[in-house]
2 protein chains.
Amino acid sequence: MGYDALHERFRRIGDLNHALAMLSWDEAVMMPTGSGGVRGEALATLTGMVHELTAASETGELVDAAAQAELNPWQAVNVAKIRRDWEAARAVPADLVRALSRAASTCEQTWRVARGENDWGAVVDKLRRVLDLTREKAQALADAFDCDPYDALLDSYEPRLTRRDIDPVFSELEAVLPGMVDDALARQPAARAPLGPFPLDRQEALGRALMAEVGFDFERGRLDVSHHPFCGGDPDDTRITTRYNENDFLESMFAVLHETGHAMYEQGLPKDWRGQPVGSAGGMALHESQSLLMEMQVCRGLPFIEFAAPIVQRTLLGAPTDAPEWQPDNLVKLAAKVERGYIRVDADELTYPLHVILRYRLETALLDGGLGVDEIPDAWHESMSASLSLSTAGNFTDGCMQDVHWFAGLLGYFPSYTLGAVMAAQIFRSARNQIRGLDDAIREGSFHVLFDWLRQHVHGRGSLLPSLDLVADVTGSRLGTDAFLDHLRTRYALV
Amino acid sequence: MGYDALHERFRRIGDLNHALAMLSWDEAVMMPTGSGGVRGEALATLTGMVHELTAASETGELVDAAAQAELNPWQAVNVAKIRRDWEAARAVPADLVRALSRAASTCEQTWRVARGENDWGAVVDKLRRVLDLTREKAQALADAFDCDPYDALLDSYEPRLTRRDIDPVFSELEAVLPGMVDDALARQPAARAPLGPFPLDRQEALGRALMAEVGFDFERGRLDVSHHPFCGGDPDDTRITTRYNENDFLESMFAVLHETGHAMYEQGLPKDWRGQPVGSAGGMALHESQSLLMEMQVCRGLPFIEFAAPIVQRTLLGAPTDAPEWQPDNLVKLAAKVERGYIRVDADELTYPLHVILRYRLETALLDGGLGVDEIPDAWHESMSASLSLSTAGNFTDGCMQDVHWFAGLLGYFPSYTLGAVMAAQIFRSARNQIRGLDDAIREGSFHVLFDWLRQHVHGRGSLLPSLDLVADVTGSRLGTDAFLDHLRTRYALV
């Protein structure tokens, strides 16, 4: 039997995951409002089938048989990853999986209404139920893998990531970022925003033009509109979305470039391992590193903006312009605007980590039992006051109810955002060290220089290494904050 | 155990079918050109899963157990239909299913290129292989159900339909239609087509406006663009498509109304039986009857055109007009234009049945062995010459290579188109007899009068009765040609 039967089984699972990815994209982008019921049922059934096929005894037998065979390195990692998925799928009782799924679905639906009404009271009991069940699930995984319960949750978003990896990084950022935000705000140069409105079809044309320049393969992907920008689909059919603000074209432009970073990663995954765990992208942190490398390291920097400015002018205005607000020196200031705000998803790269660290502190305490659900609003207010000098007293909508994650049962996800930013800086620093004239190549629009390098060192390696090992391998050192902090000091003139 | 376990099993199968319907819609409407490979794999895997779940021994055991329970009429028919599906799924060896699927896929791909190049030689061997395997499949089903092999194929598109039902209908049509076409062409009144171009967004607005007037539920459905118009999705998410001709808005308008007829059927299926065989639409013939009832019986008639003309003028021109070519008396002539042509999908309702009957004669002979694959082009040419006075000698593109059906292994499908037209006329005659003032209601845009009746008598009954029994039940007589021929004589002034 050897390895092939296991591979074939995961090809089938991969096809189910393709269907799930496409149905989820459709739900966010195309589906009419009244069709949520049938879609929800179908997604639950297909998700259940993936779980059944993964957790089946037969999978364990196939894994054992495959492990006996002579395996190349990719096969060996694939078998090891499948074994881990199999063990994880069996560690959590089916009853608990169903109960958590139901509780999270109820809680999320309540949250969707209650958030707009600033009604914390409406969700608190439902959130408590979600957290209780999540704690149970984390404990079941922790028992199976003999690890910390929060680490067990982290593992499902970024394999092998632990609190021990996160803590030093977040502690360093927490210590220096508030001061850096103060400094950046004090030194922030004046900039003038080009005046809209900018018709949506021109903004879309701009997004498409830049995607094409960067190297997005439109033969295997699309750009559409959704409520929140995301990258969905799969490596052979990568679908990104954006939303348009008629008065600020930069919002959508950077959202498109961010999602294009995700998409380039997907499109660069190894062709021979489609649908197999080893051929999939690394975890959420590494994925986010690729979108932030694109958006923050490349596209908000001067070389890219010098490249893009003529395209922006032509596409939005129909012709080049000498008007000062449309020139690179002004646009680059707009691209690096810092502002203290309540909302994580609207935050700039300097304040963003503070939003994430707040959530990390709270969710680890929630899981450990050191923080009660009732205490979330006060803890949020205190933390926001301390790190960003903003009060959220009585403001749940823009405070502890702003993100869907906890209400949907997603604990352990938040650290990915900031680890991704830190990884992005470290990987991009290596790219600049290793690729002679990278800034010039970007200024000239020769993005293949960067993406050839990324395909070789990151994208094309799939999940062959755990993400932190991959970062260490590519950059020559363990993940640390120095590249990220250097990048911030340079961009925000904090040296 | 009783009935519920079987129901639950088909709920899961229904969810897989939902995924298949959406992935197929996406493939035709949204998918980028380079993503066909992964999509084809995923569709094959999900189709295989539906087949496995249907054909499994467990299904047979659940059917036997359910049949012992006390069942209401819907449950009883559901169990009977599932038993039939189960038997059909087991009758054809899995090897043969795979071989036919592969042969048809190869043949269809070759046909896609060869049709444009008028290259019959490129497909003839591949078509022979498809037909040989189809004959094998038909024989396997015929053995299992003790029936005629062609009837076994018919059954898969329109359950319980047989050649004995088709032959008298087609013989009558074949005898009278060529003469009626002559007469209609001789008497055809002059009409002036409104001059385009008509911008696509206005045509789309027109289609949407008419769909909404008719009663299409946009909360549970969409209108999009594809190469060929179709109705896809499912009852809770019904997705129709059209294509636009800039110079002829009537083409797209009637295509949208035709697909809306399909969609109204889907949206009117019984809510309590979603995903179950008994709750699905009747076969292809009954489905086509609902699109043709809409397009041919209702929308190409004067009452509808009197209703629609002001909407057409406002939407396409921005304001009402007195120009004669935009008035109902002229538009209704354009809607009833007769023309002898090579292409079935472009045919009017008077010549269309002759195209279908040609294919029926040929495909039954192909299956019986009375006609060889080599002889198709000559037989096609002779039949077209006899029925429509058109030569297809040497013209494969517009002759025997124009339709995908045979090349894709779809034998037994063609009769549905014309049986649907005949059913539509007979059902609509009953509707007019039973609904006082139906023409006036249509002229006033009160379509709910018609659709309330159709929901009660047709749509809401799902597959509770075989389609021919349903038609007989609704209209009080077995399917015959009189209503259809009366309709043609009236519309084309042939009395």
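List of remarks:
- Projected area, mean over directions - the stretch A:40-106, Cα convex hull, nm²: 5.2 nm²
- FRET E, pair A:R128, A:N247, Förster distance 45 Å, beta-carbon r, rounded to 0.05: 0.65
- Chains A and B, summed buried accessible surface - 1.4 Å probe, Å², nearest 100: 2700 Å²
- Cα centroid separation, the stretch B:334-380 to the stretch B:229-284 (Å): 25 Å
- Reference-scaled alpha-carbon Rg (2.2 N^0.38 Å with N residues) for the stretch A:403-495: 1.25
- Distance (nanometres) between label positions extended 7 Å along Cα→Cβ at B:Q456 and A:V404: 4.4 nm
- Using a simple spin-label model with pseudo-atoms 7 Å out from Cα toward Cβ, B:L317 and B:A205 lie 1.5 nm apart.
- Considering only A:G372, A:P415, A:Q434, the residue lying farthest towards the positive end of the dipole of the stretch A:370-495 is A:Q434, judged by Cα position with unit charges set on Cβ.
- Among the residues of A:220-228, the average count of other protein chain beta-carbon atoms within 10 Å of the residue beta-carbon is 2.
- Look at the stretch A:94-103: the mean tally of other chain Cβ atoms within 10 Å of its residues' Cβ atoms is 0.
- Simple point charges give the picture: +1 on the Cβ of Lys and Arg, -1 on the Cβ of Asp and Glu, and for the stretch B:243-303 a dipole about the Cα centre of about 240 debye.
- Across the copies of the chain, B:P168 has label points (7 Å from Cα along Cα→Cβ) spaced 9.0 nm apart, shortest distance listed first.
- Reachable lysines, given that their alpha-carbon falls under 19 Å from the alpha-carbon of B:K126 and they are not under 8 places away in the same chain: B:K137
- Kirkwood-based Rg to Rh ratio, the stretch B:280-382, C-alpha trace: 1.15
- Axis-nearest residue in chain B [Cβ, rotation onto A], distance in whole Å: B:A19, 2
- For the peptide B:40-53, the mean number of other protein chain Cβ atoms found within 10 angstrom of a residue's Cβ is 3.
- Candidate lysines for bridging to B:K337, where Cα separation is under 19 Å - those fewer than 8 sequence places away on the same chain excluded: none
- Rolled with a 1.4 Å probe across the full set of protein chains, the surface gives B:K126 an accessible area near 80 Å².
- The 1.4 Å probe gives accessible areas that order A:K333, A:K271, largest first, as A:K271, A:K333.
- For the stretch A:1-19, residues shielded by at least 20 square angstrom of accessible area compared with the chain on its own, probe 1.4 Å: A:R11, A:R12, A:D15, A:L16, A:H18, A:A19
- The Cα-based radius of gyration of the stretch A:304-439, divided by its Kirkwood radius, gives an Rg/Rh of 1.11.
- Dividing the summed helix terms, -39500 (n - 2.57) for each DSSP H run of n ≥ 4, by the number of residues in chain A produces a 222 nm estimate of -21000 deg cm²/dmol to the nearest 500.
- Relative to the other identical copies, A:Q109 shows label-point distances of 4.4 nm, where the label point lies 7 Å from Cα along the Cβ direction and values run shortest first.
- Across every direction, the projection of the convex hull enclosing the Cα atoms of chain B has a mean area of 22.9 nm².
- Here the stretch B:464-482 is scanned for amide nitrogen atoms under 15 Å from the site 7 Å beyond the Cα of B:V176 along Cα-to-Cβ, giving B:479-482.
- The stretch B:1-35-the stretch B:128-169 distance, computed between alpha-carbon centres (Å): 26 Å
- Cα lying deepest toward the dipole's positive end in the protein assembly as shown, options B:L331, A:L317, B:G215, charges on Cβ: A:L317
- Take chain A with all the other protein chains still there, run a 1.4 Å probe, and you get 40 Å² of accessible area per residue.
- A straight line joining the Cα centroids of the stretch A:42-59 and the stretch B:444-495 runs 45 Å.
- Take the Kirkwood radius over Cα pairs of the stretch A:18-164, plug it into Stokes-Einstein at 25 °C and 0.890 mPa s, and you get 138 µm²/s for translational diffusion.
- At an R0 of 22 angstrom, the distance between the Cβ atoms of B:D469 and B:N433 translates into a FRET efficiency of 0.65.
- Cβ-derived FRET efficiency at R0 22 Å, B:R163 paired with B:D272, nearest 0.05: 0.05
- Debye log10 I(q)/I(0) for the stretch B:220-333, one point scatterer per Cα, at q = 0.13, 0.23 Å⁻¹: -0.57, -1.27
- Debye, to nearest 20: dipole size of the stretch B:329-476, +1 on Lys, Arg Cβ, -1 on Asp, Glu Cβ: 540 debye
- By a 1.4 Å probe calculation restricted to protein chains, B:Y244 has an accessible surface near 50 Å², given to the nearest 10.
- Selection among A:L141, A:V124, A:L161 by position relative to the dipole of the stretch A:123-166 gives A:V124 as farthest towards the positive end (Cβ unit charges, Cα centre).
- For the stretch A:87-199, the spread of Cα positions along each principal axis, largest first, Å: 57, 38, 31
- In this structure A:T392 has an accessible area near 10 Å², from a 1.4 Å probe over the protein heavy atoms.
- Fraction of C-alpha pairs exceeding 14 angstrom in the stretch A:271-336: 67 percent, rounded to a whole number.
- Assigned charges on the beta-carbon of Lys, Arg, Asp, Glu; the stretch A:214-264 dipole about Cα centre (debye): 40 debye
- Accessible surface of chain A, 1.4 Å probe, proportion on carbon and sulfur as whole %: 49 percent
- Cross-link partners of B:K81 among lysines (Cα-Cα below 19 Å; sequence separation of 8 or more within a chain): B:K271
- Cβ-based net charge around A:D346, under 13 Å, with every Lys or Arg adding one and every Asp or Glu removing one: -3
- Value of relative contact order over chain B, rounded to a whole percent, pairs C-alpha under 8 Å and six or more apart: 19 percent
- By the equivalent-ellipsoid construction on the alpha carbon gyration tensor, the stretch A:323-362 comes out with semi-axes of 29, 8, 6 Å, ordered largest to smallest.
- Computed over the alpha-carbon pairs of the protein assembly as shown, the distance histogram in 10 Å steps reads 2, 10, 17, 21, 19, 15, 11, 5, 1, 0 percent, short to long.
The values are calculated or read from the model by the stated rules, or taken from the named source; none is laboratory data. Since the structure is predicted, the reported quantities are computational estimates derived from the model, not experimental observations. With ideal geometry, Cβ positions are generated from the backbone for all residues, glycine too; neighbour counts draw on all protein chains shown. Note: areas computed on protein heavy atoms with side chains; ligands, DNA, RNA excluded. Shrake-Rupley method; radii C 1.70, N 1.55, O 1.52, S 1.80 Å.
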